[in-house]
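What follows is one structure encoded as structure tokens, with my remarks underneath.
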Amino acid sequence: MPYTKVIEQLKANLQTAYRQAVDADNRLDQLQQAGHGKFSAVFTQEQGFTTRSNRFLPYVQELAQAVADLEAETAPTPEQLEALLPKLAVLLQTLQKFKQQSK
């Protein structure tokens, strides 16, 4: 498979995103219990996600499924890979910003 190294890197980034998402979701739970964090979705539809959630983990799960589907392909196309990268980038950037702002 020509994308073996790329898929390995995607999985490593998803592991990072998962750990950060668990922390962020816990923080969101705390904020919501304090009466804050009243929103319906973390990301807008324009950002490419089909998931709609007010927590980060469902978005990580969506990307993990997309990577698993890509890995299962016998001949994945560059377009399939290119569809994942912007979503992973916005997820990681948003998690980092949230972490910085919620200290």
Since residue 9 meets every condition but one in (1) under 10 Å from the mean Cα position of the chain (by Cα); (2) in a helix (DSSP H, G or I); (3) more than 20 Å from residue 102 (Cβ to Cβ); (4) not aliphatic (A, V, I, L, M), which condition does it not meet?
-> (1)
Is it true that some residue in region 94-103 is open to solvent by 70 Å² or more (accessible area, probe 1.4 Å), without any contact (Cβ under 8 Å) to a residue 12 or more places away in the chain and assigned to a loop (DSSP other than H, G, I, E, B)?
-> yes
Which one is most open to solvent (accessible area, probe 1.4 Å) among residues in region 66-86 that are farther than 15 Å from residue 9 by Cα and assigned to a helix (DSSP H, G or I)?
-> 79
Tell me, which residue of region 16-31 that is of a type in the set (S, T, N, Q) and without any contact (Cβ under 8 Å) to a residue 12 or more places away in the chain is most open to solvent (accessible area, probe 1.4 Å)?
-> 30
Taking region 1-15 and the residues there that are touching a residue at least 12 places away in the same chain (Cβ under 8 Å) and hydrophobic (A, V, I, L, M, F, W, C), the one that is most open to solvent (accessible area, probe 1.4 Å) would be 1
Please find, within region 49-65, the residue that is nearest to residue 95 (Cα to Cα) out of those that are in a loop (DSSP other than H, G, I, E, B) and open to solvent by less than 40 Å² (accessible area, probe 1.4 Å).
-> 56
Kindly indicate which of 19, 27 is of a type in the set (Lys, Arg), modelled with pLDDT of 95 or more, out of contact with any Leu (no Cβ under 8 Å at 6 or more places or on another chain) and more than 19 Å from residue 4 (Cα to Cα).
-> 19
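The values are calculated or read from the model by the stated rules, or taken from the named source; none is laboratory data. Please read these numbers as outputs of a predicted model, since none were measured by experiment. No Cβ is skipped: glycine too gets one built from the backbone with ideal geometry, and neighbour counts run over all protein chains shown. Please note that ligands, DNA and RNA were not included when accessible areas were found on the heavy atoms of the full protein model with its side chains. Shrake-Rupley method; radii C 1.70, N 1.55, O 1.52, S 1.80 Å.
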